[in-house]
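Structure first, commentary second.
The values are calculated or read from the model by the stated rules, or taken from the named source; none is laboratory data. These figures come from a predicted structure and were not determined experimentally. Heads up, the Cβs are rebuilt from the backbone with ideal geometry, glycines too, and the neighbour counts pull from every protein chain shown. Surface accessibility is based on the protein's heavy atoms, side chains included, excluding ligands, DNA and RNA. Shrake-Rupley method; radii C 1.70, N 1.55, O 1.52, S 1.80 Å.
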Amino acid sequence: MSGSNTKLIDIGRTELRKARKQSRGLFWFVGLFSFFANLLMLTGPLYMMQVYDRVLGSGSLETLTALSILVLFLYAMMGLLEYSRGRVLGRIGARFQSSLDKRVFDASLRKAAFPDVEGPVAGPGDLVSISRLFSSPVFGAIFDLPWTPIFLLGIWMFHPWLGVLALSGGAFLVVVTLANQMTTRRPAAEGEQASAHAQNISDQVINEPEVVQALGMRGAVYNRWHKARDKALNAQIRAADLGGTFTTTTKTFRLLLQSAMLGLAALLVLRGQMTPGAMIAGSILMGRALAPVEQLIGQWPMVQAATQGWGKLAELLGTVPAETERTELPVPEAKLEVSNLAIAPPGEKQLILKAVSFNIEPGQAVGVIGTSGSGKSTLARALTGTWAPTAGQIRLGGAMLNQYAPDVLGQHIGYLPQKVQLFDGTIAENISRLVENSDPKLIVEAARRADAHDMILKLPNGYDTRVTANGSRLSGGQTQRVGLARAMYGDPVFLVLDEPNSNLDNEGSEAVNRAIRNFKNEGKSLIIIAHRPAAILECDMLLTLEGGTVRAFGPRENVLQQVLKTRSDPTKARAVGGVK
């Protein structure tokens with residue numbers, strides 16, 4: 001691991017510790033409750049000593065009654081403390097998760113925008129695993145561990161031989177705990193990785209059911225998924241077998257140790273070196289001393305999951321810094337300025353775009369053409385703020401894009417991706433970008449501006465037609481027009497349209513062109529990434545990209561003439577446009 005990565009992980013760990021420190025006062029309460037609860041654990045041994053050494057010897061019923069009432073009260077107090085400690089631990093876990101929910105969700109979302117970047121598969125699930133640990137009884141066992149040597153010391157005070165036996169047994173359990181940690185860590189990690197891989201395969205298949213069905217791929221994809229799933233199951237079985245072995249060993253050894261404690265204590269009683277009450281008390285103390293260790297070993301998978309989650313979240317939060325607060329700016333003018341823009345994919349050094357400069361004035365539509373791999377999609381990612389410039393600037397209304405908060409920038413810049421993905425919900429909810437309690441008038445207005453209102457009304461339930469992320473009754477063209485309405489929702493001043501008519505028929509293309517024309521007439525601007533001639537009919541200017549650089553930029557007809565000349569010249573065989 002490089003020094004820079006280590007530094008970033010340390011930054012992430014600091015952020016996690018800061019969230020944990022918010023419950024510092026509650027941790028003190030847990031420690032206080034644990035102190036008195038463990039102190040009250042001495043009730044049982046002391047009661048047995050009094051019963052065996054005094055009550056049975058004296059035959060006093062009054063003494064037994066008084067001791068029993070006192071023990072009943074003390075156990076009630078202990079139960080109340082344990083109950084209170086559990087409730088406080090639950091709130092610690094909930095506070096930790098609540099304080100980081102938005103931060104982790106945003107960081108995971110931003111990380112997902114860079115699928116080719118290596119890094120941990122971290123997200124809200126890892127945060128939940130840490131929260132569960134904080135809320136679980138096994139975390140309370142950590143507060144009980146410091147009492148283990150105190151209880152062992154108490155056993156030693158009954159008789160040194162008992163103390164030696166208890167210390168030897170405790171040392172053996174510690175060794176088992178460490179061995180459990182070292183031997184199960186790798187199989188558990190392999191199982192988690194293999195399970196995630198199998199889940200990814202399953203998600204891909206579910207997202208493309210028509211392709212799988214039409215191409216007769218069901219058997220092939222099942223075999224591929226089944227192999228990944230078998231690998232995950234085998235790794236999980238190995239981890240479970242190892243963990244179960246250590247858990248069984250610990251439980252068996254603890255029971256054996258308690259019996260050995262009774263046997264040795266009985267021998268000492270027969271020799272007159274200790275009392276019967278001390279014999280029973282020592283056995284009870286031994287069970288209590290080793291209980292936290294046994295609980296930690298038994299729940300070790302939960303501890304491992306939380307530990308791994310902590311590490312992955314530390315790297316995620318370190319590599320994806322929190323969004324800074326930005327001063328709210330007024331609605332920008334529909335003027336885009338790109339100067340000396342250079343873009344490299346996150347985590348890489350090789351530039352895809354180099355020295356790209358152009359301006360878009362209000363009321364203008366600019367088409368971007370070029371061969372595959374020329375940087376058109378990269379430019380779209382940069383203009384929507386998804387990828388930050390490696391060099392150069394992008395300004396909207398005079399302000400650089402990073403001066404707008406991401407959600408605010410999304411209100412000013414509408415985006416239609418090449419592959420439109422709808423979310424689970426109704427057509428209306430998708431157009432409104434899943435905003436709760438959105439104004440129906442704004443939804444209908446966005447659909448009208450996209451010239452999709454009449455198309456939506458023809459659906460069985462109109463705007464209330466439900467769609468899913470994995471597929472719906474909508475065709476590709478209908479989905480694309482709903483996506484255009486979503487891009488136009490909220491009155492943006494600038495649109496980025498990536499292949500807006502790739503799935504449309506002639507009627508749909510004309511509807512999109514009408515929407516573009518009306519958008520321009522409102523004094524707003526847009527950029528259209530195109531491969532088909534119909535997509536650039538409403539463009540005033542054309543930008544030609546080749547090899548990540550600007551080959552031509554100017555009025556549409558002039559640039560098209562340059563493209564045609566280039567194609568007709570055999571010495572310049574490489575296609576510049578991508579528009580026939």
Residue-span extension gain [Glu62 to Leu457] - 0.36 nm each, minus C-alpha spacing: 133.5 nm
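Using +1 on the beta carbon of Lys and Arg, -1 on that of Asp and Glu, and nothing else charged, what's the dipole of segment 317-464 about the Cα centre, debye to 20?
On the way: 13 positive and 16 negative charges, 131 e Å.
For segment 317-464, the charge dipole is close to 640 debye.
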Partner aspartates and glutamates for Lys231 [C-alpha distance under 12 Å; skip if fewer than 8 residues away on the same chain]: Glu190, Glu192
Charge dipole of the chain about the Cα centre (unit charges at C-beta), most positive-ward option of Leu70, Thr247, Leu178: Leu178
List Asp439, Asp498, ordered by accessible area with a 1.4 Å probe, largest first: Asp439, Asp498
Percentage relative contact order, segment 1-156, counting C-alpha pairs under 8 Å, at least six apart: 31 percent
Label of the coordinate-derived value, Cα Rg over 2.2 N^0.38 Å, listed as [x] 0.99; [y] 1.38; [z] 1.19: [y]
Stretch gain in nm, segment Asp101-Thr245, where the contour uses 0.36 nm per residue and the Cα spacing is subtracted: 48.2 nm
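Quick one: putting +1 on the C-beta of Lys and Arg, -1 on the C-beta of Asp and Glu, what dipole do you get for segment 93-190 around its Cα centre, in Debye to the nearest 20? Write out the running numbers ahead of the final one.
Details: 8 positive and 7 negative charges, 31 e Å.
Dipole of segment 93-190, to the nearest 20 debye: 140 debye.
Evaluate the charge dipole of segment 1-65 about its Cα centre and quote only its size in Debye, nearest 20, assuming +1 on the Cβ of each Lys and Arg and -1 on the Cβ of each Asp and Glu. Walk me through the numbers on the way to the answer.
On the way: 8 positive and 4 negative charges, 133 e Å.
Once rounded to the nearest 20, the dipole reads 640 debye.
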Highest to lowest packing among 95-101, 58-64, 510-516, scored as the average C-beta count within 10 Å: 510-516, 95-101, 58-64
Sites Asp464 and Ile69 - FRET efficiency at Förster radius 56 Å, r taken between beta-carbons, to 0.05: 0.25
Calculated FRET efficiency for the pair Thr327/Arg185, C-beta based, R₀ 45 Å, to 0.05: 0.45
Zone of Asn340's modelled label, taken as backbone nitrogen in segment 379-398 under 11 Å from a point 7 Å along Cα→Cβ: 391-393
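Based solely on its DSSP helices, what 222 nm [θ] is calculated for the chain when runs of n ≥ 4 H residues each add -39,500 (n - 2.57) and the sum is averaged over all residues, nearest 500 deg cm²/dmol? If you can, show how the numbers build up before the last one.
Numbers: 20 runs with 355 residues, N = 580.
Value at 222 nm, helices only: -20500 deg cm²/dmol.
Take every DSSP beta bridge whose two residues both sit in the chain, then give the antiparallel share in percent to the nearest 5. Each step should come with its number before you reach the end.
Values: 21 of 39 bridges.
The antiparallel fraction comes to roughly 55 percent.
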Full-extension gain in nm, Ala391 to Asp230, via 0.36 nm per residue minus C-alpha separation: 53.3 nm
Residue-normalised accessible area of segment 220-262, given per residue in Å² at a 1.4 Å probe: 65 Å²
Set of lysines near Lys520 by C-alpha distance (under 27 Å), chain-local residues within fewer than 8 positions excluded: Lys335, Lys376, Lys419, Lys441, Lys580
Within segment 261-281: backbone nitrogen closer than 20 Å to the Ser168 label point (7 Å, Cα to C-beta): 261-271, 273-274, 279-280
Pairwise centroid distance, computed over Cα atoms, of segment 6-53 with segment 305-320, Å: 24 Å
Hits among aspartates and glutamates - C-alpha to C-alpha of Lys111 under 16 Å, sequence gap 8 or more where chains match: Asp101, Asp126, Glu315, Glu323, Glu348
Of all accessible heavy-atom area on the chain, the percent that carbon and sulfur account for (1.4 Å): 59 percent
Listed residues Tyr83, Tyr489 arranged by accessible area, highest first, probe 1.4 Å: Tyr83, Tyr489
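Counting only other residues whose beta carbon sits under 13 Å from that of Lys335, what net charge do I get with K and R as +1, D and E as -1? Numbers along the way, then the final one.
Numbers: positive: Arg395, Lys524; negative: Glu333, Glu337, Glu361.
After counting each charged neighbour, the total is -1.
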